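Reading through the structure tokens given below for one structure.
The values are calculated or read from the model by the stated rules, or taken from the named source; none is laboratory data. From a predicted model like this one, the values you see are computed outputs, not experimental measurements. Every residue, glycine as well, gets a Cβ built from its backbone with ideal geometry; the counts of neighbours run over all protein chains shown.
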Amino acid sequence: MTDQTIAGRTVANETFTVERVYLVPPRRVFQAHADPETKARWWGGGDGWEQLRSSLDFTVGGHEHDDGRHLESNVVSAYHAVYWDIVPDSRIVSTYEMHLDGIRISVSLATTELIPEGEGTRLIYTENGSYLDGLDGVAGRREGTEWNLDALGTFLAGEE
């Protein structure tokens, strides 16, 4: 981790990796990311969340927006991603920024790898994040990523 201070502003740069194994082939895991209706079934804030905006253009150069309100705190969270590299059934590379109530809290490079493992898939997610001004951090981001990947696993298991 590096932590830099410039004119009273800080940035903490950190990398983390999360792995999951799903008992479905890579094409099904990939499709769960690629199709807007399918992704909406597992991605998001869960209970206590009000979806405000959701759009997905899953193409190289395409954008994704996912904005919602945390009902308990009334804080609006905004996710905006750009897809830079997509290899069907194999790899997804995007950059994304997170905002809370209109304030940018982080910018990240995210890589999702889908590796065949027996009849299933090993998903390896790596994020290189720049967490801004102490408003976000790697621990919370890892926790949110693990929650989403577990929700993906529950969704995929229920499809069978």
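The number of residues in segment 120-153 that are modelled with pLDDT of 95 or more and exposed (fewer than 14 other Cβ atoms within 10 Å of the Cβ) comes to 1.
Can you confirm whether segment 112-135 contains a residue that is of a type in the set (Asp, Glu), closer than 20 Å to Lys39 by Cβ and outside any helix (DSSP H, G or I)? Yes, because at least one residue in segment 112-135 is of a type in the set (Asp, Glu), closer than 20 Å to Lys39 by Cβ and outside any helix (DSSP H, G or I). Here Arg28 fits the description: under 17 Å from Thr112 (Cα atoms), assigned to a helix (DSSP H, G or I), touching a residue at least 24 places away in the same chain (Cβ under 8 Å) and not hydroxyl-bearing (Ser, Thr, Tyr).
Among the criteria (1) polar (S, T, N, Q); (2) within 15 Å of the chain's Cα centre (by Cα); (3) modelled with pLDDT of 95 or more, the one Ser54 does not fulfil is (3).
Residue-wise test of (1) modelled with pLDDT under 95; (2) surrounded by fewer than 12 Cβ atoms within 10 Å (Cβ to Cβ); (3) under 20 Å from Glu146 (Cβ atoms).
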site	(1), (2), (3)
Thr2	yes, yes, no
Arg9	yes, yes, no
Leu23	no, no, yes
Lys39	yes, no, yes
Glu97	no, no, no
Arg104	no, no, no
Ala110	no, no, yes
Ile115	no, no, yes
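Within the option set Glu127, Glu113, Glu64, being closer than 19 Å to Leu152 by Cα and touching a residue at least 40 places away in the same chain (Cβ under 8 Å) holds for one residue only, Glu127.
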